[in-house]
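The values are calculated or read from the model by the stated rules, or taken from the named source; none is laboratory data. In this text, all values refer to a predicted model and were calculated from it rather than measured experimentally. No Cβ is skipped: glycine too gets one built from the backbone with ideal geometry, and neighbour counts run over all protein chains shown.
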Amino acid sequence: MAALLSSLCRPSPATPRFPLPSRGGCFDARRRPVRLGFRCSASRSPRFDPGSEQKDKSFGLKESAISLALAIGLFTGVPALTSPAHASPASPVLPDLSVLISGPPIKDPGALLRNALPIDNKAIREVQRPLEDITESLKVSGVRALDLVERNVRQASRALEQGKTMILNGVAESKKEHGKELIEKLAIGMQEFQQIVEQRDRDAVAPKQKELLQYVGGIEEDMVDGFPYEVPEEYSNMPLLRGEQRWI
């Protein structure tokens, strides 16, 4: 308190009641000496308001929450703030992009031709993929390769058994009989393939795989009813690639 008073109060000469002697005059003892007084400044120091600090903290937290919500919305593609009731949920621009870039690149020309067919039948694709994976399984050295091949054959055989009806329904009406015949040949070939794997005959795996994939390709080709688009007349006299072709 003493330090505060010393900083705020400073000595100042009080107003004399009588005039002071001039410079050249003599000293008059009857006159009263000059009195010194203290004058305190009335400057106000800033007061600490806990309410204002609480408001500043609350405003800062609101700003941080809004910034975080906007950042999450930008990265996830989902509206971070409240959206109208009629707004539709955000969907990825390229929903099938993960299918194009997932897994090792496809180098087999037969697999490229099968995948190029304009069909949408999940059941036959689930039979096709394990049979194509046998090529990678045979690259493994030792007896483990046949173990992987056996697993691929079981997966393909189970997919064919469970999805036979769906596969037949996907065949075009004009090719229904031919498609049904190929499905029966594929089922018989699966049984023969399992016997080859049980006998551990590695040399017979690749030829049997090629045979079954030809059946699969024929079934998928029967699912295409006609050419998917019309060819302009000026190009009608040129060679056309219709349906699946055979790689020799």
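What to note about this one:
- Residue pairs whose Cβ atoms lie under 7 Å apart, sitting 6 or more positions apart in sequence or on different chains, and linking a residue in the stretch 214-243 that is at pLDDT 75 or above and surrounded by 16 or more Cβ atoms within 10 Å (Cβ to Cβ) to a partner that is assigned to a loop (DSSP other than H, G, I, E, B) and among the polar types (S, T, N, Q), are M223/N121.
- In the stretch 172-196, the qualifying residues are those that are of a type in the set (A, V, I, L, M) and at pLDDT 95 or above, and the one that is surrounded by the fewest Cβ atoms within 10 Å (Cβ to Cβ) is I188.
- Residue within the stretch 183-199 that is of a type in the set (D, E) and under 34 Å from the mean Cα position of the chain (by Cα) present: no
- Only one entry of Q128, Q155 meets the criterion of being touching a Pro at 6+ places or on another chain (Cβ under 8 Å), of a type in the set (S, T, N, Q) and either surrounded by 14 or more Cβ atoms within 10 Å (Cβ to Cβ) or over 30 Å from D203 (Cβ atoms) (or both), and that entry is Q155.
- The single condition from (1) closer than 22 Å to L113 by Cα; (2) among the small types (G, A, S); (3) in contact (Cβ under 8 Å) with a residue 24 or more places away in the chain that S137 fails is (3).
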